[in-house]
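Scroll down for the structure; my scribbles are underneath it.
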Amino acid sequence: MLLQVEGFVANTTDCGESDKMLTLITRRYGKLSVYARGCRKLTSKFMTASLKFSYGDYVINKTEKSCILNEAYAKMTFFGLRRDMVNLALADYVAEVTADVIMPEEPEDQILELALNSIYLLSEQKKQHRTVKTAFETRLMTYLGLAPHLDRCCKCGKNEDDTYYLDIMDGTVICSKCTEKSAGVRTAEADEGKAYIVSVLSKEAKDFMKRTAECEKTKIFANPPESIIKEIGAASERYLINQLEKNYKTLDFYKEIAD
Ligand SMILES: [Zn+2]
C-alpha cells in the first residue's frame, strides 16, 4: 500500500553503507519507522528530505513488515539550527520528546505543530531558547491531558499568596501559608539528584505558566519576564520529566551547554 503523508523527521539511524532508518512523525498515521535506501549518498534524491528535522511530503510503500521510502520532498529543513549549538541541542530534545509521546497510528496534530513551531523559532533565532523550552514543555502537558492545576491553592482555594509549591507528582499547587500549617514540603532543590517532590513558584511565575498552558495558540511562545524565566523553566522541566517518567539524554546535553 502506498501512503502519501506530510511528516517531520524526528530522528535518524544510519544503516548499512548508505541507508537510514527515519523516525517520521506524520499528520495522518502518527509515528512511522521508515527505511530510506541510499539516502546518505550525495546523489540521492532523498538526501535532504531524510535529514533530521526535515519536514515535507513523503510517499511510503507500507507492507505488513516494513515501511520503505519511495519518494520524498523537503519543504523545510531548519538549517538555521546548525548556526547555534544550544538551539540545536534544544531542538534535539524537542524532537526526542515528540517522538516519544506520539505513537504509531495515533496522530497528534497539535503536538506536531507545537514541535515544528518550537524548532522554527530556534532555527530562525526568533525567540530565546529558554522561552521556547518552557513553552514547549508546558503546552505539551496540556495536549497530553496532564496539565497541572495552577489556578489556586489546592488546600485553601485562594490565589493570594506570593509563593506556591507545585507538586510535580499530582499537579497541584499549595500556597506557602498552607504549607506552614502542614508538615512542610521537600523542595526540588533539597532533593537534588533524587525524585523531585515540589518546585517553588512565585505567584507571577505560576500565573504565567497557567496562561501558557491555556492561552490561544498565537500566544504560546510569549516571552516571560526575565525575573521569572529560570523558575518557570525549572518547574516545567521537572513536571514533564516526572509526568512522563523519562530521562532524556538530549536534555542532559542541552543543560550541559546552555548557560
Ligand atoms: Zn493555601
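Answer yes if at least one residue in segment 158-165 is outside any loop (DSSP other than H, G, I, E, B), surrounded by 19 or more Cβ atoms within 10 Å (Cβ to Cβ) and within 16 Å of the ligand (Cβ to nearest atom), and no otherwise.
Filtering segment 158-165 for residues outside any loop (DSSP other than H, G, I, E, B) gives 163-165.
Pick out the ones that are also surrounded by 19 or more Cβ atoms within 10 Å (Cβ to Cβ) and you get 164-165.
Next, only the ones that are within 16 Å of the ligand (Cβ to nearest atom) stay: 164-165.
Yes - at least one qualifying residue is present in segment 158-165.
Could you check residue 128 against (1) out of contact with any helix residue (DSSP H, G or I) (no Cβ under 7 Å at 6 or more places or on another chain); (2) more than 14 Å from residue 87 (Cβ to Cβ) and say which number it fails?
Residue 128 satisfies every listed condition except (2).
Collect the residues in segment 201-238 that are of a type in the set (S, T, N, Q), assigned to a helix (DSSP H, G or I) and farther than 21 Å from residue 258 by Cα, keeping them in residue-number order. Can you show your working first?
Step one: of segment 201-238, the residues of a type in the set (S, T, N, Q) are 202, 212, 218, 223, 227, 236.
Subset that is assigned to a helix (DSSP H, G or I): 212, 218, 227, 236.
Across segment 201-238, the qualifying residues are 212, 218.
Can you tell me which of 122, 114 is at pLDDT 95 or above, more than 11 Å from the chain's Cα centre (by Cα), within 18 Å of residue 222 (Cα to Cα) and among the hydrophobic types (A, V, I, L, M, F, W, C)? Break it down stepwise before answering.
On the way: 114 fails: more than 11 Å from the chain's Cα centre (by Cα).
Selected residue: 122, the only one of 122, 114 that is at pLDDT 95 or above, more than 11 Å from the chain's Cα centre (by Cα), within 18 Å of residue 222 (Cα to Cα) and among the hydrophobic types (A, V, I, L, M, F, W, C).
Based on what the data block shows, is residue 23 without any contact (Cβ under 8 Å) to a residue 12 or more places away in the chain and either on the phi < 0 side of the Ramachandran plot or surrounded by 22 or more Cβ atoms within 10 Å (Cβ to Cβ) (or both)?
It is false that residue 23 is without any contact (Cβ under 8 Å) to a residue 12 or more places away in the chain and either on the phi < 0 side of the Ramachandran plot or surrounded by 22 or more Cβ atoms within 10 Å (Cβ to Cβ) (or both).
Please go through segment 126-157 and pick out each residue that is free of Cβ contacts under 8 Å to residues at least 40 places away in the same chain and either near the ligand (Cβ under 10 Å from one of its atoms) or under 19 Å from the mean Cα position of the chain (by Cα) (or both).
Pass one, segment 126-157, residues free of Cβ contacts under 8 Å to residues at least 40 places away in the same chain: 126, 143, 145, 149, 152-157.
126, 143, 145, 152, 153, 154, 155, 156, 157, listed by residue number.
In segment 136-187, what count of residues is obtained for those that are closer than 30 Å to residue 95 by Cβ, in contact with a Lys or Arg (Cβ under 6 Å, 6 or more places away or on another chain) and either modelled with pLDDT under 95 or of a type in the set (Ser, Thr, Tyr) (or both)? Please lay out each step first, then the result.
Going through segment 136-187, the residues closer than 30 Å to residue 95 by Cβ turn out to be 136-150, 166-171.
Add one more test, that the residue is in contact with a Lys or Arg (Cβ under 6 Å, 6 or more places away or on another chain), and what stays is 150, 168.
If we keep only those that are either modelled with pLDDT under 95 or of a type in the set (Ser, Thr, Tyr) (or both) as well, we get 168.
So the answer is 1.
Any idea which residue in segment 14-44 is modelled with the lowest pLDDT, counting only those that are among the charged types (D, E, K, R) and closer than 16 Å to residue 99 by Cβ?
Of all residues in segment 14-44, those among the charged types (D, E, K, R) come to 14, 17, 19-20, 27-28, 31, 37, 40-41.
From the residues that got through so far, the ones that are closer than 16 Å to residue 99 by Cβ too are 20, 27, 31.
Values: 20: 97, 27: 93, 31: 97.
Looking at residues that are among the charged types (D, E, K, R) and closer than 16 Å to residue 99 by Cβ, I get 27.
The values are calculated or read from the model by the stated rules, or taken from the named source; none is laboratory data. Everything numeric here is computed off the predicted structure, so don't read it as measured data. Methodologically, a virtual Cβ is constructed for each residue, glycine included, from the backbone with ideal geometry; neighbour enumeration extends over all protein chains shown.
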